[in-house]
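Below is one structure; the comments refer to it alone.
Coordinate-derived values only; no laboratory data. As the structure is a prediction and not an experimental result, all values here were calculated from the model. Ideal geometry is used to build each Cβ from the backbone, glycine not excepted, and the neighbour counts take in all protein chains shown.
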Amino acid sequence: MRASKLVPLMAVAAAVSCLAQTAERKPIQLFNGKDLSGWTHYLWNDQTKQQDTTTPASAVWSVKDGILICQGKPVGYLRTVDEFQDYKLTLEWRWPAGTKSGNNGVLIHTTTPNALGVWPKSIEVQLAMGNAGDFWVIGTNLLVPNMEQRRKDRRFVNLTDDSEKPAGEWNTMEITAKGDEIDVVVNGQVVNHAMQCNVTRGAIALQSEGAPIHFRNIYLTRLGR
């Protein structure tokens with residue numbers, strides 16, 4: 001009798017384990033398309049060289065028709081309240097039609113504020129026009145293949161020159177962070193790979209860095225170890 005009861009219990013345990021793994025891998029919607037729930041903001045006062053605590057997030061970031069709109073000024077960032085480790089982050093971004101140059105980035109493994117002026121300790125995955133997929137280290141370290149050719153101070157240039165779409169069109173970026181490695185894909189093309197990152201966990205942040213930019217469909221999928 002005991003042996004016969006053991007089989008159903010094992011089956012239930014296996015089913016629970018399977019459901020837990022499935023739930024873990026279900027994409028999490030970081031931006032709900034309606035408001036800034038789950039995010040906090042940090043802005044910078046260029047004159048005082050300190051945090052701007054008086055300007056509201058709504059002065060920089062707004063939501064319309066499911067799109068997160070960043071005005072680009074004041075400089076700062078929007079940061080998730082939660083921290084993450086071992087995940088795939090997917091998002092879409094576009095520069096408004098007619099934009100000739102623009103700078104922005106996705107900060108991952110974000111932790112300590114003001115590691116470099118306004119910017120927190122993190123690894124930046126570049127979104128600047130023409131350079132999407134570059135890595136910039138902010139109080140952090142990493143390695144990439146062919147370091148001698150691709151490292152320029154804090155910058156690690158990407159592997160492609162034509163992965164981005166023109167201003168006004170949506171681009172897709174996938175950032176896979178697992179262990180101490182990071183892979184970046186832009187519009188289906190592998191554009192960068194980092195190894196031996198000295199940070200592996202933190203919040204995710206979107207920069208406000210001088211130029212208007214739009215975001216949508218921001219999802220995170222946890223990865224099993």
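Values computed for the structure shown
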item: Local net charge near Leu78, Cβ-Cβ under 13 Å (Lys/Arg +1, Asp/Glu -1); result: -1
item: Residue-by-residue Karplus 3J(HN,Hα) for segment 171-186, coefficients 6.51, -1.76, 1.60, Hz, glycine and proline x; result: 10, 10, 10, 10, 10, 10, 10, 9, x, 9, 10, 9, 10, 10, 10, 10
item: Segment Leu143-Glu92, length gained on full extension (0.36 nm per residue, minus Cα span); result: 15.7 nm
item: Estimated distance in nm for a label pair at Asn114 and Ile28, the labels positioned 7 Å out from Cα along Cα-to-Cβ; result: 2.8
item: Charge tally in the Cβ shell below 13 Å around Val144, where Lys, Arg are +1 and Asp, Glu are -1, Val144 excluded; result: 0
item: Sparse-neighbourhood loop sites, trypsin sites (Lys or Arg not before Pro) in segment 56-150 - DSSP loop, at most 15 other Cβ within 10 angstrom; result: Lys100
item: Estimated FRET transfer efficiency (Gln196, Thr55; beta-carbon r; R0 45 Å; 0.05); result: 0.75
item: Semi-axis lengths, Å, segment 73-225, gyration tensor of Cα atoms, sqrt of 5 times eigenvalues; result: 21, 18, 16
